[in-house]
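Chemist: Take this structure, written in structure tokens, and hold onto it; I'll ask about it next.
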Amino acid sequence: MITSVLVANRGEIACRIFRTCRELGIATVAVYADPDASALHVREADAAVRLPGATPAETYLRGELIVKAALAAGADAVHPGYGFLSENAEFARAVQAAGLVWIGPPPEAIEAMASKTRAKSLMGIEPLTEVTADALPVLVKAAAGGGGRGMRVVRELAVLEEELTAARAEALSAFGDGEVFVEPYVEGGRHVEVQILADTHGTVWALGTRDCSLQRRHQKVIEEAPAPGLSPALDADIRSSAVRAARAVSYVGAGTVEFLVAGDRAHFLEMNTRLQVEHPVTEAVFGVDLVELQLRVAEGEALDPEPPGPRGHAVEARLYAEDPSAAWAPQAGTLHLLGFPSGVRVDTGFASGDEVGVRYDPMVAKVVAWAPTRSSAVRRLAGALGRTRVHGVVTNRDLLVRALGHEEFASGRMDTGFFDRHLSSLVAGDAPVAEVYAAAAAAVASSLPRTPAGPRSGAYRNLPSQPQLKVYVGGDRHEIRYHRTRTGFELVGLPEARVVEAHVIEAHAHRVTLDAHALDAHAHRGTLDAHAHRGTLDAHAHRVTLEVDGMRRDFEIHAYEGGAVHVDHGTHTWTLAPQPRFPEPERALTPGSLLAPMPGTVVRIAEGLAEGDQVHAGQPLLWLEAMKMEHRIAAPADGILTALHVTPGRQVEPGTLLAVVHPVPNEETP
């Protein structure tokens, strides 16, 4: 019997495995790198072992250190989670050689299937050995691992070698294996997969299908079970093919067989020999705990001859710390507030006050909703996401809500190109007038007393008599003055608008000073010039109720150290940043300066690149790695590389000067 499990992973998946272990009475052991010393998965474990080093390659990819940690902590089993070493056969063998229980498939099955090239060969599919212009587009993929890392779509033969190099480097960094391969790229396909679970007695379950077509950068964003719109024949064919793949390698444990569905045909992609990120939707539909079943299978228990039947529909959304409107740029910073409504499942590796760093995947949480029907599950998830509160970092929350409400998704007609087609409309801002109300509410809150007070007149004793707010939204200018009344004040400039109630809703020892001379609504590209009373605003928080044309709206306003102000109203959130009354002049930059768009690490410079070289527009100069994804920095125009300020391994902050390309006019000969 397993009594203590070390999870050779971090973050959300480690916390999720610990939860099941606690329910089963099994002790838990965490491992952590120095940046994760105070992470949630460390705090939730019964014991934790430090792994020396700061980067994934120095810590979570060091199998010998993890085995040593398990033995030192007295664990008798190791669960690999997903990513890192979860599909590394040598690590599985090292765990078993140390006398520990490996909660995963046999090393031989990992070797056969974890390498996508060997898996395809086993299924009678061979990768492309030669790529010509007629074969385009093609997909470059890492042979090991998953999560979209080491994957590139290539549409021009001229950039194939460059993308192969980039994919190899990214795969090596993420999985410790730089092998890549090339296969045809199918446009307009759907990503459909089957959850497999097998025991040591010959039983193999196929726990239905999942659709994971909504992806960005080949990484899944929204997943659901069962996959909608499959014909009964195609559904049965996919599930039987998955079972055949598992039996072909004598599979044991949990795994996933993935397919690309185009029309009425399913093309085998790969088998992931581990637990998937999206496993909760299958758990919700089949009423099982896959981690518990993994543990029982590892202990030698037999599965029932047939799996339980499915029930209802489940949808999962991945909440990422990223800005979809800025090419999905990852975001880092302090999660001042992380809160979720009831009625949905939340798997996360973060809590309020935690730091989102740049070394690992940007996923903050997975939010899962179940309902008897697909439409009900989608609506429930969209509502829960809208009421999710994330303060401190930019996330894809609004994008998720809008994607779930999109007609193409609602009808089940989505494919892997969904975000390529609809991103611009999905990141568009809300109606400007709502932003005006939010800004007005924030300005009111900035004038409230610092201690809790009762509603109405008791809360208004220290309000200014006639503050003024200038709002520029969408090119329109709004001027709002506050006219004080016996019960509060009216907002002159908004139709029949008045403050019904404004007060502190929770006292908190940590307070910050808000100087609301100017607010810039970053979320909607508006500019707010608020000449309001200088006051102290409690960090946790104020409520302002505005009544406009007889309709009341409640706004909760939080301000945090550093100046960020978050305004929450129903299913909407606005992020406002106070600006100084007399802003400093912008830093003068040399034309052609390339600044770091995000915090990250310079992983490599283009081969042979040196100062003085002539470069052309779009030519890759260097690559940044942030949150396990590589981001290419290219020349903005034809010119001369006059300065290169970074070297591989350097960590940079947003705005760091990376290089300078002096533009050179492209004079074409007539």
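The values are calculated or read from the model by the stated rules, or taken from the named source; none is laboratory data. The shown structure was predicted, so the numbers you read here are calculated from the model rather than taken from an experiment. Here the Cβ is made from the backbone with ideal geometry for all residues, glycine too, and neighbour counts use every protein chain on show.
Chemist: Does any residue of region 105-127 turn out to be within 24 Å of the chain's Cα centre (by Cα), over 30 Å from residue 300 (Cα atoms) and touching a residue at least 24 places away in the same chain (Cβ under 8 Å)?
Modeler: no
Chemist: I've got another one for you. Filter region 332-348 for residues that are closer than 26 Å to residue 58 by Cα and out of contact with any Phe, Trp or Tyr (no Cβ under 9 Å at 6 or more places or on another chain) and give the result.
Modeler: Those that are closer than 26 Å to residue 58 by Cα and out of contact with any Phe, Trp or Tyr (no Cβ under 9 Å at 6 or more places or on another chain): 332, 333.
Chemist: Looking only at region 353-383, count how many residues are of a type in the set (D, E, K, R) and at pLDDT 95 or above.
Modeler: Counting residues in region 353-383 that are of a type in the set (D, E, K, R) and at pLDDT 95 or above gives 4.
Chemist: Taking the stated definitions as given, is residue 231 of a type in the set (Ser, Thr, Tyr) and at pLDDT 95 or above?
Modeler: Yes; evaluated as a whole, the condition is true for this residue.
Chemist: What's the number of the only condition in (1) assigned to a helix (DSSP H, G or I); (2) within 25 Å of residue 170 (Cα to Cα); (3) among the aromatic types (Phe, Trp, Tyr) that residue 18 fails to meet?
Modeler: (2)
Chemist: Looking at (1) assigned by TED's automatic domain parsing to the domain that holds residue 129; (2) surrounded by fewer than 17 Cβ atoms within 10 Å (Cβ to Cβ); (3) not charged (D, E, K, R), find the lone condition where residue 262 falls short.
Modeler: Only one criterion is unmet by residue 262, namely (1).
Chemist: Please give the number of the condition residue 357 fails out of (1) closer than 23 Å to residue 654 by Cα; (2) over 13 Å from the mean Cα position of the chain (by Cα); (3) surrounded by fewer than 21 Cβ atoms within 10 Å (Cβ to Cβ).
Modeler: (2)
Chemist: May I pose another question? Restricting attention to region 258-309, which residues are of a type in the set (Lys, Arg) and farther than 18 Å from residue 201 by Cβ?
Modeler: Answer for region 258-309, where residues must be of a type in the set (Lys, Arg) and farther than 18 Å from residue 201 by Cβ: 265, 274.
Chemist: Looking only at region 299-343, count how many residues are in contact with a Gly (Cβ under 9 Å, 6 or more places away or on another chain), buried (at least 18 other Cβ atoms within 10 Å of the Cβ) and under 23 Å from residue 409 (Cα atoms).
Modeler: Residues meeting the conditions: 1.
Chemist: Go through (1) farther than 18 Å from residue 39 by Cβ; (2) at pLDDT 95 or above; (3) outside any strand (DSSP E or B) for residue 350 and report which single condition fails.
Modeler: The failed condition is (1).
Chemist: Determine if region 374-388 includes at least one residue that is outside any helix (DSSP H, G or I), out of contact with any strand residue (DSSP E or B) (no Cβ under 6 Å at 6 or more places or on another chain) and in contact (Cβ under 8 Å) with a residue 60 or more places away in the chain.
Modeler: Yes, region 374-388 contains a residue that is outside any helix (DSSP H, G or I), out of contact with any strand residue (DSSP E or B) (no Cβ under 6 Å at 6 or more places or on another chain) and in contact (Cβ under 8 Å) with a residue 60 or more places away in the chain.
Chemist: So which of 92, 69, 119, 109 ends up being aliphatic (A, V, I, L, M), in contact with a Ser or Thr (Cβ under 8 Å, 6 or more places away or on another chain) and surrounded by 18 or more Cβ atoms within 10 Å (Cβ to Cβ)?
Modeler: Checking each option against the conditions leaves just 109.
Chemist: Considering (1) modelled with pLDDT of 90 or more; (2) assigned to a helix (DSSP H, G or I); (3) in contact with a strand residue (DSSP E or B) (Cβ under 6 Å, 6 or more places away or on another chain), say which one residue 435 fails and leave the rest.
Modeler: Status for residue 435: all satisfied but (1).
Chemist: Here's something else I'd like to know. Would you call residue 210 buried (at least 19 other Cβ atoms within 10 Å of the Cβ) and in a strand (DSSP E or B)?
Modeler: So residue 210 passes the test.
Chemist: Out of all the residues in region 397-408, is one or more crowded, with 21+ Cβ neighbours inside 10 Å, farther than 30 Å from residue 355 by Cα, at pLDDT 75 or above and hydrophobic (A, V, I, L, M, F, W, C)?
Modeler: Within region 397-408, none of the residues are crowded, with 21+ Cβ neighbours inside 10 Å, farther than 30 Å from residue 355 by Cα, at pLDDT 75 or above and hydrophobic (A, V, I, L, M, F, W, C).
Chemist: Does at least one position in region 238-249 carry a residue that is closer than 25 Å to residue 378 by Cα and either surrounded by 17 or more Cβ atoms within 10 Å (Cβ to Cβ) or basic (Lys, Arg) (or both)?
Modeler: Checked region 238-249: at least one residue is closer than 25 Å to residue 378 by Cα and either surrounded by 17 or more Cβ atoms within 10 Å (Cβ to Cβ) or basic (Lys, Arg) (or both).
Chemist: Could I ask something else about it? Taking residue 156, is it over 27 Å from the mean Cα position of the chain (by Cα) and either touching a residue at least 60 places away in the same chain (Cβ under 8 Å) or closer than 25 Å to residue 418 by Cβ (or both)?
Modeler: yes
Chemist: Return the residues of region 625-651 that are at pLDDT below 90 and either part of a strand (DSSP E or B) or of a type in the set (A, V, I, L, M, F, W, C) (or both); say none if nothing qualifies.
Modeler: Of everything in region 625-651, those that are at pLDDT below 90 and either part of a strand (DSSP E or B) or of a type in the set (A, V, I, L, M, F, W, C) (or both) turn out to be 625, 626, 627, 629, 630, 631, 632, 651.
Chemist: Can you tell which of 313, 336 is at pLDDT below 95 and more than 25 Å from residue 86 (Cα to Cα)?
Modeler: Every option except 336 fails the conditions.
Chemist: Oh, and also: Identify, please: which residue in region 180-207 is crowded, with 24+ Cβ neighbours inside 10 Å and either polar (S, T, N, Q) or modelled with pLDDT under 95 (or both) and is, among those, nearest to the chain's Cα centre (by Cα)?
Modeler: Checked region 180-207; the qualifying residue nearest to the chain's Cα centre (by Cα) is 195.
Chemist: On to the next question. Can you tell me how many residues within region 34-63 are assigned to a loop (DSSP other than H, G, I, E, B), free of Cβ contacts under 8 Å to residues at least 60 places away in the same chain and surrounded by 17 or more Cβ atoms within 10 Å (Cβ to Cβ)?
Modeler: The number of residues fulfilling the criteria is 5.
Chemist: Working only within region 589-617, note down all residues that are in a loop (DSSP other than H, G, I, E, B), of a type in the set (Gly, Ala, Ser) and touching a residue at least 24 places away in the same chain (Cβ under 8 Å).
Modeler: 592, 596, 610, 612
Chemist: Among the residues of region 586-619, what is the count of those that are touching a helix residue (DSSP H, G or I) at 6+ places or on another chain (Cβ under 7 Å) and surrounded by fewer than 16 Cβ atoms within 10 Å (Cβ to Cβ)?
Modeler: 0
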